[in-house]
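Asks: Here it is, the structure, as C-alpha cells.
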Amino acid sequence: MAPRIVVLISGTGSNLQALIDATHNGTLPAEIPLVISNRSKVFGLERAAKAGIPTKVLALKPYTSAGKPRTEYDTDLAQLILAAKPDLVVLAGFMHILSPAFLDQFPNTPLINLHPALPGQFDGARAIERAFEAYQKGEIKHTGVMVHRVIALVDGGEPLLVREVEIKPEDDLAALQERIHSVEHILLVEGAKLVLEDLAKKNA
C-alpha cells in the first residue's frame with residue numbers, strides 16, 4: 001500500500017501541484033488522500049479537485065469570531081488530518097503558525113514544511129522579499145530554499161534539505177520569485193521522498 005501524504009495549503013498550490021505530478025509520474029511513490037486549506041476559494045483547492053483528491057477547508061476566523069482559542073482550531077485541524085491516516089504531513093505554503101496543541105497530536109507522524117530561505121535567515125513571512133531587499137543592500141549574495149521538520153518555533157525545525165538560490169544583479173523581485181519557486185517544486189518532492197524512505201527503513 002502506498003504511503004499517504006496529507007497536504008496543507010493556503011494559496012495557489014503550485015507546490016501541491018508538484019507533489020501531485022510526482023505521485024502521478026512515479027517520482028514520489030505515494031498517494032495524497034486529502035488536501036486541507038485554511039482559506040476557501042484558493043486555486044490550490046481546484047488543483048486538488050482536478051486531480052480527484054478530496055479537500056477540506058478549515059478556517060481560523062469562525063473560531064476567533066466565536067471567542068474560541070487558536071488551540072481549539074489546532075486540535076480540530078489535527079483530528080481532521082489524523083482521520084486521513086497519513087504517513088506524512090506536508091505544509092506546502094500553509095500560512096498558519098502551528099501550536100504544540102497541534103504538534104502534540106503527531107508523536108510518530110513526521111511533518112515537514114517548505115520555506116523559501118536558508119536556515120536561520122528570513123524566518124516567517126515575506127522571506128523572498130526580505131532576501132531581495134537584503135541583497136540590494138549588499139547584506140547577502142544569495143538566498144535559498146529549505147525543507148525542514150515542523151516544530152513550534154516558526155521555520156526553526158531541523159533542515160532536511162537545503163539548496164542555495166542565486167540572486168542575479170539584473171533580477172527584479174518577480175525573477176527571483178520565479179527562480180525560487182522552480183527550486184521549491186523540486187526540493188519539496190525530494191524532501192517528501194527522503195522522509196518516506198526513512199520511514200520505510202524504520203518500519204522494515
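The values are calculated or read from the model by the stated rules, or taken from the named source; none is laboratory data. The structure presented is a predicted model; accordingly, all values stated were derived computationally and were not measured. Cβ: placed from backbone, ideal geometry, glycine included. Neighbour counts: every protein chain shown. Only protein heavy atoms, including side chains, enter the accessible area calculation; ligands, DNA and RNA are left aside. Shrake-Rupley method; radii C 1.70, N 1.55, O 1.52, S 1.80 Å.
Asks: Say we join alpha carbon atoms closer than 10 Å with springs in a Gaussian network model of the chain; which of S182, S65, S37 then has the biggest fluctuation?
Replies: S65
Asks: How many percent of all Cα-Cα pairs in the chain sit more than 23 Å apart?
Replies: On the way: 9302 of 20706 pairs.
Cα-Cα pairs of the chain separated by over 23 Å account for 45 percent.
Asks: Between the helical axis of 70-82 and the dominant principal axis of the chain, each derived from Cα atoms, what acute angle in degrees is found, rounded to the nearest 10?
Replies: Computed tilt is about 70 degrees.
Asks: Another question about this same structure. Please compute the modelled spin-label separation between A66 and Q105, points set 7 Å along Cα→Cβ, answer in nm with one decimal.
Replies: Modelled inter-label distance: 1.5 nm.
Asks: Whole number in Å², please: accessible area per residue of the chain, 1.4 Å probe, ligands, DNA and RNA not counted. Write out the running numbers ahead of the final one.
Replies: Working: 10190 Å² over 204 residues.
Normalised by residue count, the accessible surface of the chain is 50 Å².
Asks: Hey, what did region 117-204 get for relative contact order, percent, Cα under 8 Å, at least 6 apart?
Replies: Details: 100 pairs, mean separation 23.0, N = 88.
Relative contact order, region 117-204: 26 percent.
Asks: Taking 0.36 nm per residue of sequence separation and subtracting the Cα-Cα distance, how much length would be gained by fully extending the chain between I186 and A174, in nm to one decimal? Intermediate values should be presented prior to the final figure.
Replies: Details: separation 12, 0.36 × 12 = 4.32 nm, distance 1.90 nm.
Here the answer is 2.4 nm.
Asks: Let me ask another. Could you tally up the Lys pairs in the chain with alpha carbons closer than 20 Å? Skip any pair fewer than 8 positions apart unless they're on separate chains.
Replies: So the count of such lysine pairs works out to 11.
Asks: Packing-wise, with mean Cβ within 10 Å as the measure, how do 54-61, 117-124 rank, highest first?
Replies: On the way: 54-61: 14.2, 117-124: 16.1.
Ranked by mean Cβ neighbours within 10 Å, highest first: 117-124, 54-61.
Asks: Gain in length, Q136 to D198, computed as 0.36 nm per residue apart minus the alpha-carbon separation, to one decimal in nm? Kindly include the intermediate steps, with their values, before the conclusion.
Replies: Details: separation 62, 0.36 × 62 = 22.32 nm, distance 3.98 nm.
Difference between extended and current length: 18.3 nm.
Asks: Using alpha carbons only, how many angstrom separate the centre of region 1-58 from the centre of region 146-204?
Replies: 17 Å
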